[in-house]
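The values are calculated or read from the model by the stated rules, or taken from the named source; none is laboratory data. On a predicted model such as this, the values are computed, not experimentally measured, just so you know. Reconstructed Cβ throughout: ideal geometry from the backbone, glycine too, with neighbour counts over all protein chains shown.
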Amino acid sequence: MPNSLSTSARQNQLTTHYAKGAAEALSALSRKRSRVHCITSTVAQDISSDVILAVGAGSCFTIGVEEITELVSVTNSLVVNIGTLDSNRKAAIRPAIQAANDYSKPWVLDPVSVHASKKRCAYAMELLHFRPHVIRANAMEIKALAGSSSPMAAQELALQQGCVVAQTGETDLVTNGVKTIMIANGHEMQTRISAMGCATTAFMACFMAVDHDAFDAAVQALLTMGVAAELAANKSLGPGSMHMNLLDSIYAINEQTLSRYGHVLELEPSK
């Protein structure tokens, strides 16, 4: 019983900590009008823009090679999503990342479908040389990048690349290879909305724009998105109303709501 109470108290403490940090980040986003530059898939642009605007940030989706460096240099964070890996986006990705690195802008890589295409996986591996601050992916994509079938592939990848890995799915986790935080929020209906994972990457970049501690930013973003999704699902009849209610929930969310409904816990390191 004492151990159970101790674990529960630790979980509540962590949830309160990250709820407070998320609320502070959301306030800063709206106050500073932070800007996120997204190179993302065509199907993800609308919903990514929606979630960014819902928290009061601004977005840019330009992929023109002739201006990408200048635009990224004046942004606050960068998303590189390889879901639509056409020639125009591919041409813009490297100079965008180089500009982000040159101007000390945090960037997040979303390696869409690298588990399904060897060529795509090889390209994503090349991008890892530019050292993303966060890799946001599902378990299959992470295993492909890590070259591992282990349930600890996210931790392995984080150690290999020296970055934060955010694995999203039924339960989300954020790890730097040593410390791992699990966020047990969200709703199944999220999987019925197009490009929800891609939008979550863009949402994470919002928090990275105001908090350059990539680990905390990733946890804050997933906690906020997960709680907002649960609240939205409670008043939705299906994916259509879920989309609308999710934006409303993100817009209205606050520290008290995140603390009340959030479920954040730290996983014990494997021995």
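Of the residues screened, Val112 is one that is of a type in the set (A, V, I, L, M, F, W, C) and either in contact (Cβ under 8 Å) with a residue 60 or more places away in the chain or touching a Cys at 6+ places or on another chain (Cβ under 8 Å) (or both). Restricting attention to the stretch 159-182, the residues that are within 21 Å of Val112 (Cβ to Cβ) and aliphatic (A, V, I, L, M) add up to 5. Filtering the stretch 191-207 for residues that are buried (at least 23 other Cβ atoms within 10 Å of the Cβ) and over 11 Å from the mean Cα position of the chain (by Cα) leaves an empty set. Candidates in the stretch 159-186 are the residues that are among the hydrophobic types (A, V, I, L, M, F, W, C) and under 21 Å from Cys198 (Cβ atoms); of these, the one that is surrounded by the fewest Cβ atoms within 10 Å (Cβ to Cβ) is Cys163.
Of the residues making up the stretch 229-239, those that are part of a helix (DSSP H, G or I), more than 10 Å from Met189 (Cα to Cα) and out of contact with any Phe, Trp or Tyr (no Cβ under 9 Å at 6 or more places or on another chain) number 1. Looking at the stretch 222-236, is at least one residue in contact with a Ser or Thr (Cβ under 9 Å, 6 or more places away or on another chain), surrounded by fewer than 16 Cβ atoms within 10 Å (Cβ to Cβ) and of a type outside the set (Phe, Trp, Tyr)? Yes, because at least one residue in the stretch 222-236 is in contact with a Ser or Thr (Cβ under 9 Å, 6 or more places away or on another chain), surrounded by fewer than 16 Cβ atoms within 10 Å (Cβ to Cβ) and of a type outside the set (Phe, Trp, Tyr). Of these, Val72, Val43, which one is surrounded by fewer than 14 Cβ atoms within 10 Å (Cβ to Cβ) and under 21 Å from the mean Cα position of the chain (by Cα)? The match here is Val43.
Based on what the data block shows, is Ala154 under 17 Å from Thr201 (Cβ atoms) and buried (at least 16 other Cβ atoms within 10 Å of the Cβ)? Spelling it out, Ala154 is indeed under 17 Å from Thr201 (Cβ atoms) and buried (at least 16 other Cβ atoms within 10 Å of the Cβ). Taking the stretch 50-76 as the range and being in a helix (DSSP H, G or I), in contact (Cβ under 8 Å) with a residue 24 or more places away in the chain and either more than 17 Å from Ala99 (Cβ to Cβ) or of a type in the set (A, V, I, L, M) (or both) as the test, the residues that pass are Asp50, Val51, Ile52, Ala54, Val65, Ile68, Leu71, Val72. Taken as a whole, the structure places Ser249 among residues that are assigned to a helix (DSSP H, G or I) and either among the polar types (S, T, N, Q) or touching a Gly at 6+ places or on another chain (Cβ under 8 Å) (or both). Please verify whether the stretch 126-133 includes one or more residues that are at pLDDT 95 or above, under 23 Å from Gly64 (Cβ atoms) and buried (at least 18 other Cβ atoms within 10 Å of the Cβ). Yes.
Within the stretch 19-36, the set of residues being touching a residue at least 60 places away in the same chain (Cβ under 8 Å) and either under 15 Å from the mean Cα position of the chain (by Cα) or not in a helix (DSSP H, G or I) (or both) comprises Ala22, Ala25, Leu26, Ser34, Arg35, Val36. On inspection, Ser241 does not qualify as closer than 20 Å to Ile183 by Cα, surrounded by fewer than 21 Cβ atoms within 10 Å (Cβ to Cβ) and over 17 Å from the mean Cα position of the chain (by Cα). Note on the stretch 37-49: residues that are hydrophobic (A, V, I, L, M, F, W, C), in a helix (DSSP H, G or I) and in contact with a helix residue (DSSP H, G or I) (Cβ under 6 Å, 6 or more places away or on another chain) amount to 2.
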